[in-house]
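Here is the structure we will look at, set down as structure tokens.
The values are calculated or read from the model by the stated rules, or taken from the named source; none is laboratory data. Note that this is a predicted model, so its numbers are computed, not measured. Reconstructed Cβ throughout: ideal geometry from the backbone, glycine too, with neighbour counts over all protein chains shown.
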Amino acid sequence: MIFLKNSYYEILYGFRKRIFLTFYTLSFIFTMILLLLAINSEFSIAPKIQLLIGFLMTIAAVIGGGILSVYFDLPAISAEFDEIKNDIAKKIIKSPEEFGYRLTKLLCKFFNFQFFNIEYSFIKIIGAQYVYSNPELIKLGNLNLENISNDLINKSKNTEEVFFYDKFKVNSQNNYLYILPIWFGDDWLGFIGILSHRKVNKLFLRFLNNFENEYIDDQIVHVLDYKKSQIQKRFYKKLDSISNRITRKMYSDLIEFEQDIIKVIIDEVNCIGGLFVTIYDSEIVILWKDNLEGNRDFIDNFRNYFSKHFVPSTPRIMKDNNIEFKYIFEIPIFLDKLQGIILLFDNDDQNFRYFENTLLEIENIKLDNDLENLAIMLNLQPNENSPIISTHH
């Protein structure tokens with residue numbers, strides 16, 4: 001149920017909660033009166049035992065009432081979340097990072113109950129950086145969060161249920177870390193980390209799972225779709241500039257074109273580096289995120305990669321433990337036949353997964369035609385020394 005501020009539903013919800021608390025209080029008072037009457041009756045048991053019973057009932061009533069009160073308060077978070085949803089619809093929230101900042105702040109602000117508190121929270125959304133409710137979270141005790149990042153990602157991909165990860169110290173105080181995976185259908189979108197001073201009741205954890213299913217996942221999809229559309233516009237604008245340079249005959253050699261393409265891709269995908277080689281090349285062009293050209297040894301070593309791995313007919317993400325980076329995204333460029341291949345390097349495949357469709361679309365619409373047009377303009381012929389001439393199958 002969604003509660004609009006000062007709406008009829010919010011008034012009705014508040015009225016229902018007051019009825020419950022009144023009924024709960026009156027029931028407790030009535031029970032205590034019966035206990036006092038029993039003390040003075042002829043069937044009364046030892047006064048110390050009756051006093052103990054009354055004490056235990058009081059403690060149970062306080063704890064039970066506190067927990068039940070939390071359960072009644074939980075649905076009200078939808079009213080707070082409505083503001084985030086509205087800002088997404090209005091394009092005030094335009095990026096996963098902005099959404100993550102608002103969400104982590106909301107979780108820490110709202111879940112501040114005696115029996116269920118979220119002291120800190122953070123979120124990792126596919127294709128985006130970590131966002132923390134508090135910068136102190138970058139370090140969990142003596143452990144950098146980055147050091148367990150891959151483990152958190154892998155474990156969150158293997159379940160849709162919130163799970164306890166470990167206990168850490170933040171500001172010299174123990175906190176229990178729970179991970180809430182974010183899924184939209186069969187697509188993993190990331191996860192939310194929450195830290196609480198206490199172990200969280202299973203019913204509260206189930207509520208968090210329902211909250212993710214009902215509210216968070218689809219809003220992340222909206223934010224990611226908007227971000228992707230903006231990236232595609234920016235991507236195409238940069239690639240159009242390269243196409244215009246070809247049309248205006250501003251490229252004097254192929255390497256300059258390859259460097260421009262790789263620079264644009266690694267900037268937008270935010271990966272460690274990239275490689276471009278064509279059937280017209282005897283050389284391999286490699287650039288890194290800092291725009292420096294790859295060193296000679298690394299380029300020469302990469303010739304061994306093409307001797308071990310055939311150039312694929314379709315794009316694929318490879319994991320190769322024999323090279324410096326964990327993941328390689330192979331993007332073959334075809335027109336009527338193989339023209340070249342782009343390899344992107346990173347230690348995490350998430351950015352590759354996120355940009356996969358965009359890169360495939362760019363290859364189909366832009367890169368193949370641009371490469372062919374430039375080859376015709378420069379009168380290039382296939383080079384028998386090209387590393388990929390004999391590796392396609």
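Key figures
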item: Residue within the stretch 352-374 that is over 21 Å from TYR236 (Cβ atoms) and touching a strand residue (DSSP E or B) at 6+ places or on another chain (Cβ under 7 Å) present; result: no
item: Residues satisfying the stated conditions in the stretch 112-136, i.e. out of contact with any strand residue (DSSP E or B) (no Cβ under 6 Å at 6 or more places or on another chain) and crowded, with 18+ Cβ neighbours inside 10 Å; result: PHE116, GLY127, ALA128
item: Criterion violated by THR159 - all others in (1) farther than 20 Å from PRO96 by Cα; (2) out of contact with any Pro (no Cβ under 8 Å at 6 or more places or on another chain) satisfied; result: (2)
item: Verdict on ILE126 being free of Cβ contacts under 8 Å to residues at least 40 places away in the same chain, more than 23 Å from PHE207 (Cα to Cα) and within 18 Å of the chain's Cα centre (by Cα); result: no
item: Selected residue (only one of ILE261, ILE265, ILE216 is of a type in the set (Val, Ile, Thr), in a helix (DSSP H, G or I) and not assigned by TED's automatic domain parsing to the domain that holds ILE362); result: ILE216
item: Those residues of the stretch 229-258 which are of a type outside the set (D, E, K, R), part of a helix (DSSP H, G or I) and closer than 22 Å to ILE284 by Cα, in sequence order; result: LEU239, ILE242, SER243, ILE246, LEU254, ILE255, PHE257
item: Search result, residues across the stretch 113-127 that are modelled with pLDDT under 85 and either among the hydroxyl-bearing types (Ser, Thr, Tyr) or farther than 18 Å from ASN174 by Cβ (or both); result: PHE113, GLY127
item: Selection from the stretch 156-211 of residues that are within 22 Å of PHE352 (Cα to Cα) and polar (S, T, N, Q); result: SER156, ASN158, THR159
item: Considering residues of the stretch 300-332 that are among the β-branched types (Val, Ile, Thr) and within 18 Å of CYS271 (Cβ to Cβ) only, the residue modelled with the lowest pLDDT; result: ILE323
item: Checking ASN171 against (1) touching a strand residue (DSSP E or B) at 6+ places or on another chain (Cβ under 7 Å); (2) over 26 Å from PRO96 (Cβ atoms), the condition it does not meet; result: (1)
item: Where a residue in the stretch 346-368 is not assigned by TED's automatic domain parsing to the domain that holds LYS157 and its partner, wherever it lies, is of a type in the set (A, V, I, L, M) and part of a helix (DSSP H, G or I), with Cβ under 6 Å and at least six apart; result: ASN351/VAL269; PHE355/VAL269; LYS366/LEU239
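Yes or no, residue by residue, for (1) modelled with pLDDT under 85; (2) surrounded by fewer than 19 Cβ atoms within 10 Å (Cβ to Cβ); (3) of a type in the set (Lys, Arg):
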{"residue": "GLN339", "(1), (2), (3)": "no, no, no"}
{"residue": "PHE345", "(1), (2), (3)": "no, no, no"}
{"residue": "LEU360", "(1), (2), (3)": "no, yes, no"}
{"residue": "GLN381", "(1), (2), (3)": "no, yes, no"}
{"residue": "SER390", "(1), (2), (3)": "yes, yes, no"}
